[in-house]
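Below is one structure; the comments refer to it alone.
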Ligand code: GLN
């Protein structure tokens, strides 16, 4: 099993390091040929408008959307979660997105004072202990479609992690911690889909 990390912009190196730390082969994906070599893909945090534009420029957008429709697993963190979503609030109307995850996600939802924070987040599917979640100018998920399962909520009920079958999205950054449980969860999704 090989998991790709989209390496056009953002914190892709940290995802690669995390995958290798938990014993999974990881390669950086920049070109359509790279995509053909991987069983699943992580879209990192960074700047979602830039990542979306580069996906179009590197001719990955349509290809990736097609593979996802065929069951290809993708995990998006923060900006990556935005790129997956089918409704992006507080974004330019022409922000290119994959539009495959049936949620409404709001960019930069925490405002200026608390645009970055860390919290110990209960995540029932991962069990104990809570997951140390790092939020950096993070989005929140405001609506979820029928096939979407919320995996984690803040104390006020705000949804910050979801799964829709083979698609996984977190508003925060597990790759910036030493806790590999989200990456392991994604690897299990990839393994099942092979
Ligand atoms: N605010 C960024 C965006 O909207 C996401 C930030 C991040 O990935 N840490 O794309």
| task | Being within 15 Å of residue 77 (Cβ to Cβ) and touching a residue at least 60 places away in the same chain (Cβ under 8 Å) is the filter here, so list the residues in the range 151-172 that pass it. | result | 162, 167, 168, 169, 170, 171, 172
| said: Being farther than 28 Å from residue 158 by Cα, in contact (Cβ under 8 Å) with a residue 12 or more places away in the chain, in contact with a helix residue (DSSP H, G or I) (Cβ under 8 Å, 6 or more places away or on another chain) and not in a strand (DSSP E or B) is the requirement here; does residue 17 meet it? | reply: yes
| field | Selected residue [within 16 Å of the ligand (Cβ to nearest atom), part of a strand (DSSP E or B) and either touching a helix residue (DSSP H, G or I) at 6+ places or on another chain (Cβ under 7 Å) or more than 16 Å from residue 97 (Cα to Cα) (or both)] from 51, 42, 27, 3 | value | 42
| said: Between a residue in the range 174-194 that is under 20 Å from residue 122 (Cβ atoms) and any residue that is modelled with pLDDT of 95 or more and surrounded by fewer than 17 Cβ atoms within 10 Å (Cβ to Cβ), which pairs come within a Cβ distance under 6 Å, given they are 6 or more apart or on different chains? | reply: 177/132; 180/22; 183/22; 184/22
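Residue-by-condition table, conditions (1) in contact with a strand residue (DSSP E or B) (Cβ under 8 Å, 6 or more places away or on another chain); (2) more than 21 Å from residue 29 (Cα to Cα); (3) modelled with pLDDT of 95 or more:
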site	(1), (2), (3)
78	yes, no, yes
125	yes, yes, yes
143	yes, yes, yes
150	yes, yes, yes
178	no, yes, yes
181	yes, yes, yes
186	yes, no, yes
| Do you know which residues across the range 86-103 are surrounded by 14 or more Cβ atoms within 10 Å (Cβ to Cβ) and closer than 17 Å to residue 137 by Cα? | 88, 89, 91
| message | Residue under question is residue 9, and the condition is that it be within 26 Å of residue 178 (Cα to Cα) and within 13 Å of the ligand (Cβ to nearest atom); does it hold? | response | yes
| request: Among the residues of the range 104-118, count how many are surrounded by 15 or more Cβ atoms within 10 Å (Cβ to Cβ) and in contact with a strand residue (DSSP E or B) (Cβ under 6 Å, 6 or more places away or on another chain). | output: 4
| request: Quick one: count up the residues across the range 118-141 that are within 18 Å of the chain's Cα centre (by Cα) and either away from the ligand (no atom under 15 Å from the Cβ) or in a strand (DSSP E or B) (or both). | output: 13
| remark: Those residues of the range 64-97 which are without any contact (Cβ under 8 Å) to a residue 60 or more places away in the chain, near the ligand (Cβ under 9 Å from one of its atoms) and assigned to a helix (DSSP H, G or I) amount to 82, 83
| message | Condition first: within 16 Å of the ligand (Cβ to nearest atom), in contact with a helix residue (DSSP H, G or I) (Cβ under 6 Å, 6 or more places away or on another chain) and within 18 Å of residue 24 (Cβ to Cβ). Now tell me which residues in the range 152-175 satisfy that. | response | 168, 174, 175
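The values are calculated or read from the model by the stated rules, or taken from the named source; none is laboratory data. All values reported here derive from a predicted model rather than from experimental measurement. Cβ atoms come from the backbone with ideal geometry, glycine included; neighbour counts cover every protein chain shown.
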